[in-house]
Amino acid sequence: VIAFSGTLEGQCSVQTSPATADLMTDALLGSEGDWDDEMMEDAVGELCNMIAGSWKGRLDAPASTCHLSMPAVSRGALPQHLHSVATVRRFYEFNEAVFEVVLALRKECSGTLALDPGLRLLHHRLE
């Protein structure tokens, strides 16, 4: 999970099985390996970071000045998505393995209502 804070509040998460995390680690490191849990968690966290950073880079000010957290990886239960106005969920296939990317944005961002134009931009760029 990568959290957005400041002018935009929300989170981006990547949800995957251990087998898919192993394939992602192979791809990110450029070789096949028998990866330990920590290495796979780092790879999935980095993928989430790249996706969140890419979304942020497509936003206009003031949302584009938000801050991104360090990746937080959890196993087992799915992360609790914050109470949000808008949630975009997409499933992707990678080497015949499926993973989910979720972007959830809060209704209030620094005292203003949700950034609908930014969310539409993110939504359209995902398709």
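The values are calculated or read from the model by the stated rules, or taken from the named source; none is laboratory data. None of the values given here were measured: they were computed from a predicted structure. Neighbour counts run over all protein chains shown; Cβ positions are idealised from the backbone, glycine included. Surface areas here come from the heavy atoms of the whole protein model, side chains and all, with no ligands, DNA or RNA. Shrake-Rupley method; radii C 1.70, N 1.55, O 1.52, S 1.80 Å.
Structural remarks
- Check on Val14, open to solvent by less than 30 Å² (accessible area, probe 1.4 Å), at pLDDT 90 or above and not in a helix (DSSP H, G or I): yes
- Residue check, Ala63 within 18 Å of Ser5 (Cα to Cα), modelled with pLDDT under 85, of a type in the set (A, V, I, L, M) and surrounded by 12 or more Cβ atoms within 10 Å (Cβ to Cβ): yes
- Within region 19-54, the set of residues being within 19 Å of Val1 (Cα to Cα) and of a type in the set (S, T, N, Q) comprises Thr20, Thr25, Asn49, Ser54.
- Considering region 67-115, and only residues there that are at pLDDT below 75, out of contact with any strand residue (DSSP E or B) (no Cβ under 8 Å at 6 or more places or on another chain) and of a type in the set (A, V, I, L, M), the residue that is farthest from Pro18 (Cα to Cα) turns out to be Leu113.
- Condition check for Met24: assigned to a helix (DSSP H, G or I), out of contact with any His (no Cβ under 6 Å at 6 or more places or on another chain) and in contact (Cβ under 8 Å) with a residue 24 or more places away in the chain: yes
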